[in-house]
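Asks: Handing you this structure, nothing more for now.
The values are calculated or read from the model by the stated rules, or taken from the named source; none is laboratory data. No experiment lies behind these values; they were computed from the predicted model shown. Neighbour counts are summed over all protein chains in view; Cβ atoms, including those assigned to glycine, are modelled from backbone coordinates with ideal geometry. Heads up: the accessible areas ignore ligands, DNA and RNA and are worked out on the full protein's heavy atoms, side chains in. Shrake-Rupley method; radii C 1.70, N 1.55, O 1.52, S 1.80 Å.
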Amino acid sequence: DTLRYDLSTMRWYTEFPGTSPYSATSPKPRCLQGGTMVTPNETVFYGGCLSGGQSGGPCPAVDSWSKQQGSSWRKMQECPSARIFSGMAPWPFSTRTVVMFGGQETRAGLIYNKAALRNEVDVLDVESGQWKRVTSTGDPIHGVPAWRVGLHLVATRNSVLLVGGAPDDSYVWELTGDIDRAPSAGACGPQWFAWPHLHGLVMILSWGILLQAGAFIARYFKHKDPLWFKLHRALQISGTV
């Protein structure tokens with residue numbers, strides 16, 4: 001379920017009732033995602049650990065979703081690296097634009113995850129649902145903040161502030177400038193491969209090809225004795241293993 005807490009009434013309200021965990025039209029249950037309010041009536045989040053890191057999806061995840069009050073969830077483009085504990089904040093210079101930085105990209109739930117550049121800032125146009133990856137620059141003395149996990153991004157009138165995270169350098173960093181002119185950090189595309197993907201491929205190979213081929217040979221090639229039985233046995237054992 002998606003719940004909303006009203007500060008004026010100090011009550012919880014059901015904003016979106018839960019659906020099947022295998023639904024493609026709403027996000028799966030998760031924790032550790034990065035998220036922010038885009039407007040007072042709209043929220044967006046990225047990644048996280050699906051189903052608490054148990055069965056049901058990758059951890060970290062690569063999907064992002066937005067939701068306006070009174071409407072259904074809407075899935076955004078898949079683009080940045082899979083991550084948990086990232087920081088997100090609305091960009092003060094553009095309407096319905098969100099920036100994201102940092103996060104943990106490595107975890108047992110992934111076989112491969114192409115890491116983001118260490119000075120990468122990811123920008124989401126919530127209206128179109130499109131992400132873009134850009135690079136940031138820093139002043140000559142301090143450079144750019146180190147990539148970190150568990151940080152907080154806070155929007156102000158003229159910038160976004162970065163506070164905390166691990167490793168913590170005790171600085172408060174300020175992000176400002178024209179993100180539309182920032183250098184690209186690379187194109188979007190497939191950048192991750194999780195254990196559920198491998199599981200699906202193995203299941204297709206086993207149940208969809210090997211076991212079916214073994215049954216087919218046993219049904220139609222018994223006149224090729226004893227070759228049919230040797231092939232049948234090899235395919236059935238391979239499919240079962």
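Asks: If you count only protein heavy atoms and use a 1.4 Å probe, how large is the accessible surface of residue 114, to the nearest 10 Å²?
Replies: Residue 114 has an accessible surface of roughly 100 Å² with all protein chains in place.
Asks: So what is the relative contact order of the range 30-101, in percent, for Cα pairs below 8 Å that sit 6 or more residues apart? Please list the in-between numbers first.
Replies: On the way: 156 pairs, mean separation 21.7, N = 72.
Answer for the range 30-101 is 30 percent.
Asks: Tally up the carbon and sulfur contribution to the accessible surface of the range 110-241 as a whole percent, 1.4 Å probe, everything protein left in place. Each step should come with its number before you reach the end.
Replies: Working: 5430 of 8610 Å².
The nonpolar share, carbon plus sulfur, comes to 63 percent.
Asks: Next question, about the same structure. Report the relative contact order of the range 95-179, percent, no decimals, based on alpha-carbon pairs under 8 angstrom and at least 6 residues apart. Please list the in-between numbers first.
Replies: On the way: 123 pairs, mean separation 18.9, N = 85.
About 22 percent, as a whole number.
Asks: Excluding residues on the same chain fewer than 8 positions from residue 28, give the lysines whose Cα lies under 29 Å from its Cα.
Replies: Once the sequence-local lysines are set aside, what remains near residue 28 is 67, 75, 114, 132.
Asks: Okay, next question. Report the extension gain between residue 228 and residue 77 in nm, rounded to one decimal, defined as 0.36 nm multiplied by the number of residues separating them, less their alpha carbon distance. Display every interim value, and only then the final one.
Replies: Numbers: separation 151, 0.36 × 151 = 54.36 nm, distance 4.91 nm.
Result: 49.5 nm gained on full extension.
Asks: Give the separation of the Cα centroids, the range 71-113 to the range 193-208, in Å.
Replies: Here the two parts' Cα centres lie 26 Å apart.
Asks: Measuring with a 1.4 Å probe in the full set of protein chains, what accessible area per residue, in whole Å², belongs to the chain? List each step's numbers first, then the result.
Replies: Values: 13900 Å² over 241 residues.
Per residue, the chain has an accessible area of 58 Å².
Asks: Can I ask one more? For the chain, calculate the relative contact order in percent as a whole number, restricting contacts to Cα pairs under 8 Å that are 6 or more residues apart. Intermediate values should be presented prior to the final figure.
Replies: Values: 490 pairs, mean separation 31.5, N = 241.
13 percent.
Asks: Then there's this: Dipole of the chain, Cα-centred, from +1 at each Lys and Arg C-beta and -1 at each Asp and Glu C-beta, to the nearest 20 debye? Present the calculation step by step, with values, prior to reporting the outcome.
Replies: Values: 22 positive and 18 negative charges, 253 e Å.
The dipole of the chain has a size of about 1220 debye.
Asks: By its C-alpha gyration tensor, with a ≥ b ≥ c as the square roots of the eigenvalues, how is the range 117-201 shaped: rounded for a/c under 1.5, else prolate for a/b larger than b/c, else oblate? Display every interim value, and only then the final one.
Replies: Details: a/c = 2.04, a/b = 1.51, b/c = 1.36.
Prolate shape, in that a/c is at least 1.5 and a/b is the bigger ratio.
Asks: Under a 1.4 angstrom probe, counting protein chains only, how are 32, 210, 50 ranked by accessible area, largest first? Walk me through the intermediate numbers first.
Replies: Details: 32 60, 210 40, 50 10 Å².
Per-residue accessible area, sorted high to low, gives 32, 210, 50.
Asks: Rounded if a/c is under 1.5, else prolate if a/b beats b/c, else oblate: with a ≥ b ≥ c from the C-alpha gyration tensor eigenvalues square-rooted, which is the range 1-137?
Replies: Values: a/c = 1.91, a/b = 1.18, b/c = 1.62.
The shape class here is oblate.
Asks: Of (1) 1.22; (2) 1.33; (3) 1.08, which one was derived for Cα Rg over 2.2 N^0.38 Å from the structure shown?
Replies: So the structure-derived entry is (2).
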